[in-house]
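Input: a single structure, listed below in structure tokens.
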Amino acid sequence: MIGADILIKSLLKEKVEVMFGFPGGVTIPFHDRLKNYPQLKHILPRHEQGGAMAADAYFRSTSKVGVCLSTSGPGATNLVSGIANAYMDSVGMVAITCQVATPVIGTDAFQEVDITGITQPITKHNYFVEKVEDLPRIIKEAFYIASTGRPGPVHVDIPVDVLKASVRKFVYPKKINLPGYKIPQKAPEKNLREAINLINKSLRPIALVGHGVILSKASQELEKFIKKADIPVISTLLGMGAVKHNNPLCFGMLGMHGMAYANYAVHNADLIIGIGLRFDDRITGKLDGFAKDAHVIHLDIDAAEIGKNALVNVALLGDCKKVLTQLNNKLKKQEHRDWLKQIKLWQNETKLSKITNKKEHLTAQEVIREISRIAKKDCLITSDVGQNQMWTAQAFNYQYPGQLLSSGGLGCMGYSLPASVGAQMGNSRKQVWALMGDGGFQMNMQELGTIMANKLPIKIILFNNGYLGMVRQWQEIFYKKNYSATKLINPDFSKIAKAYNIESYQIKNKQQMKKYLHQANKTKKAIFLEVFIGPEDNVLPMVPPSASLDKTITKLNNE
Amino acid sequence: MNKEKFIILITAVNKAGVLNKILSLCRRRRYSLVSVTAGSTENKNIYNITLVLFENKNRVNQIVNQINKIIEVLSTESFLPKDVVDKELILIILKNKKAVDILLKNKEHDINVRVLKKLDNNFILEIIGEGTEVDHALSLLSKKDIIKLVRSGSVAIKL
């Protein structure tokens, strides 16, 4: 047995079924041993970044830690965007990089890079494995840290001589010894009482929910909570699906491109109950204008997030599911009918159908609404970044927690295609629809190769407007339409998909849309649909930068 | 909010790179530190790190919470100077006996002064005291009397 066997056996002890790995000079001892462990499925992406993003989406769609592996030097640096993405969105990932041999570390050896130095600020924790005896403990700790508390990426760097070192026996530790790692569970009684008190007194409460509710699997407890106390619920991008979209208390997404009525509701609330979110600047708008007249209760598992952006009156440090259960036990039944009536009024005035001007050409929103209508109810949606991302968040009817896989905190273009690979690998029975723009597609389009090679029946929807849409929108609104560096001269994308043996169609009007979306819905193979949309279509509503939520724009001058 | 002097006491597992992690965190969150000291405690596997910073209370609470997230960190707490005992070691080379006597004879400031060595007409002294007490004592000297001055930074202990 050698270190490489120890690594694989440790991964199997952690119940890893799928990993995304890309070989190189110093990974060969590991890749050589794989054939002895057919129960560990190794997927080869076409770029390490694709592998990292696939591992990310694997976690988001299965709740099992996503595993990616690369070689030293350039292979490792190619993982960085994927790791940073996982860090920003609290994704449980173990990223393994193989490293040059210990005697030459620090000598600028071939393909050597100080990768643990590079990933330190973008990981929950990282390890350098000095000797093979440490490897089982490190793998066990890595998975534990990645998947508990606030999930996050853990990076393990293994020198090639450690992978080759011979080992007599494989011993996997039974216990974890991390005295400095504490995981909050339940909130203290005093804080719970204060929170309940504020809830009982409030006339215009809002439950603001984020990724934490989904990570904690707390949807049921949340639904009970809002139903009992009659509290409207509004979510962040990553909180979509925490509550079913058609729940009468659900008022969609807030923020820079959230619904105007959601923003007004939050702006006029007298109590914000933040559950599993970090009050990120995309949803608060100008901080000193955020919920000025409201008390704030913040329920989160990360103490460092409480009070970081929004001023908090009552902190509930703990796990969403556990603390919501505690609150539900103390909560008294109440009603806020007048407040709900007001929000519904705002909703009627500013819902999407009211503020969207009918366009002669096909729009992305229409396509996404049609997908929402016909797709299997438990399908998974990956989005890229920019306009396509915002339209996907706005126009789809989310029914399940974690149904939307999107790069929120980092906003990393190129996410959608590799993420669809990870989502499909983790959910072979579910439909995976990968939505993206022409900019983001090209950032990781090499992953069409992974889709082809593994026969993944992913439904790829490319919105082609010939621009880096979101930047072009800002240039239109704030920079007098100076479209500098945003126009894309594109190839024939359909031909590229066909080169990868993926059947491909172009959609230019409503009839084609209905026909090919229907076909995509039925097919058991990968399919690529290129949808041509208006080059100057804009995302509305919009909260301009440095404006507070009440300044949500629902109309642009030239529309 | 007002800025004031805070002392943050951190205990961490004695592992290579922990100090680097803590300081990296301060750097990227734009905290400037007055001083940093690190050394072992009564348990040789556990290190004590003392950070002195000049910040407002909210920012101090934030960095305490962030440092606590580091896996090797066992505890982090912030204090006002009056709530801990903190001392600093200064080594100073003075030009002449007159300057030495100013320090040795001072009764106003709570510092411990000891002459370590005499080289030609220059004197190397050791001063131990709490940071601001030392500042006050040094202000008794004229700049031209000080040839060289190095400070260790504060180390603090709390019951």
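Values in this text are rule-based calculations from the coordinates and carry no lab data. In this text the structure is predicted, and so the values were computed from the model without any measurement. Methodologically, a virtual Cβ is constructed for each residue, glycine included, from the backbone with ideal geometry; neighbour enumeration extends over all protein chains shown.
Using a basic spin-label model with each label point 7 Å from the Cα along Cα→Cβ, how many nm lie between B:Ser152 and A:Lys525?
Rounded to a tenth, the inter-label distance reads 7.6 nm.
Within a 10 angstrom radius of each residue's Cβ in B:56-69, how many Cβ atoms of other chains show up on average? Whole number is fine.
3
How high is the relative contact order of region B:1-118, in percent, with contacts defined as C-alpha pairs under 8 Å that are six or more residues apart?
Values: 149 pairs, mean separation 38.4, N = 118.
It comes to 33 percent, rounded to a whole number.
Just to verify a number: FRET efficiency for A:Asn246 and A:Gln111, C-beta to C-beta distance, R0 = 60 Å, to 0.05?
0.70
Per residue of B:71-80, how many C-beta atoms from partner chains lie within 10 Å of its own C-beta, taken as a mean? Could the numbers behind the result be given before it?
Details: counts 11, 5, 3, 4, 2, 1, 0, 0, 0, 0.
Across B:71-80, the average partner-chain Cβ count within 10 Å equals 3.
In debye to the nearest 20, how big a dipole does chain B give about its Cα centre with +1 on each Lys and Arg Cβ and -1 on each Asp and Glu Cβ?
Here chain B has a charge dipole of around 560 debye.
Within 10 Å of each candidate Cβ there may be at most 15 other Cβ atoms; applying that plus a DSSP loop requirement, which chymotrypsin sites (Phe, Trp or Tyr not before Pro) in region A:131-236 survive?
A:Phe170
Based on the Cβ-Cβ distance from A:Asp230 to B:Ser32, what FRET efficiency comes out when R0 is 56 Å, to the nearest 0.05?
0.70
Using alpha carbon centroids, what distance separates region A:356-415 and region A:198-219, in Å?
Between the Cα centres of region A:356-415 and region A:198-219 lies a distance of 24 Å.
What is the magnitude of the charge dipole of chain A about its Cα centre, with +1 placed on the Cβ of each Lys and Arg, -1 on the Cβ of each Asp and Glu, and no other charges, expressed in debye to the nearest 20?
Its charge dipole is roughly 2100 debye.
Any idea what the relative contact order of region A:460-559 is, in percent, if you count C-alpha pairs under 8 Å spaced at least 6 apart?
Relative contact order for region A:460-559 comes out at 32 percent.
Which value at 222 nm does chain A reach when only helices count, each DSSP H run of 4 or more adding -39,500 (n - 2.57), with the total divided by all residues and rounded to the nearest 500 deg cm²/dmol?
Dividing the helical sum by the residues of chain A leaves -10500 deg cm²/dmol.
Using a/c under 1.5 as the rounded threshold, could you call region A:1-78 rounded, prolate or oblate? The axes a ≥ b ≥ c are square roots of the C-alpha gyration tensor eigenvalues, and prolate needs a/b larger than b/c, oblate otherwise.
Details: a/c = 2.02, a/b = 1.08, b/c = 1.88.
Oblate, because a/c is 1.5 or more while a/b does not exceed b/c.
Do any of A:Lys292/A:Lys480; A:Lys190/B:Lys44; A:Lys190/A:Lys551; A:Lys359/A:Lys551 go past 29 Å between their Cα atoms, and which? Let's see the in-between values first.
On the way: A:Lys292/A:Lys480 33 Å; A:Lys190/B:Lys44 38 Å; A:Lys190/A:Lys551 37 Å; A:Lys359/A:Lys551 25 Å.
Long pairs (Cα-Cα over 29 Å): A:Lys292/A:Lys480; A:Lys190/B:Lys44; A:Lys190/A:Lys551.
7 Å from Cα along Cα→Cβ at both B:Asn14 and A:Val171: what's the point-to-point distance in nm?
If labels sit at B:Asn14 and A:Val171, their model points lie 2.4 nm apart.
Quote the charge dipole size of region A:250-389 about the Cα centre in Debye, to the nearest 20; the model charges only the Cβ of Lys and Arg (+1) and of Asp and Glu (-1).
Roughly 560 debye for region A:250-389.
Simple spin-label model, 7 Å along Cα-to-Cβ: A:Asn348 to B:Lys44 in nm?
7.8
Can you pull the mean other chain C-beta count within 10 Å for peptide A:120-126?
Per residue, the average neighbour count from other chains is 3.
What lysines sit close enough to A:Lys13 to cross-link, taking a C-alpha to C-alpha distance under 18 Å and skipping anything fewer than 8 places away on the same chain?
A:Lys35, A:Lys41, A:Lys64, A:Lys140, A:Lys169, A:Lys174, A:Lys175
What is the extension gain from A:Leu12 to A:Lys41, computed as 0.36 nm multiplied by their sequence separation minus the C-alpha to C-alpha distance, in nm to one decimal?
Values: separation 29, 0.36 × 29 = 10.44 nm, distance 1.07 nm.
Fully extending the segment from A:Leu12 to A:Lys41 adds 9.4 nm.
With contacts defined as alpha carbon pairs under 8 Å and 6 or more residues apart, what's the relative contact order of chain A in percent?
For chain A, the relative contact order is 14 percent.
Tally Lys/Arg at +1 and Asp/Glu at -1 over every other residue whose Cβ is under 12 Å from the Cβ of A:Thr71; what's the total?
Computed value for this residue: -3.
Rg/Rh for chain A to two decimals, with Rh computed the Kirkwood way over all alpha-carbon pairs.
My calculation of the ratio gives 0.98.
With θ set to phi - 60° and the Karplus curve 6.51 cos²θ - 1.76 cosθ + 1.60, what are the ³J(HN,Hα) couplings of region A:186-194 in order, to the nearest whole Hz, using x for Gly and Pro?
For region A:186-194, the Karplus-derived couplings read 10, 7, x, 3, 4, 5, 4, 4, 4 Hz, x marking Gly and Pro.
Roughly speaking, what is the stretch gain from A:Glu335 to A:Ala485, that is 0.36 nm per residue apart minus the C-alpha to C-alpha distance, in nm to one decimal?
Using 0.36 nm per residue and subtracting the Cα-Cα distance, I get 48.7 nm.
Across bins of 5 angstrom width beginning at 0, how are the C-alpha pair distances of region A:433-559 distributed, in whole percent?
2, 10, 18, 19, 15, 13, 10, 8, 5, 1
To test your reading of the geometry: what angle, between 0 and 90 degrees and rounded to tens, separates the Cα axis of helix B:57-68 from the longest principal axis of chain B?
70
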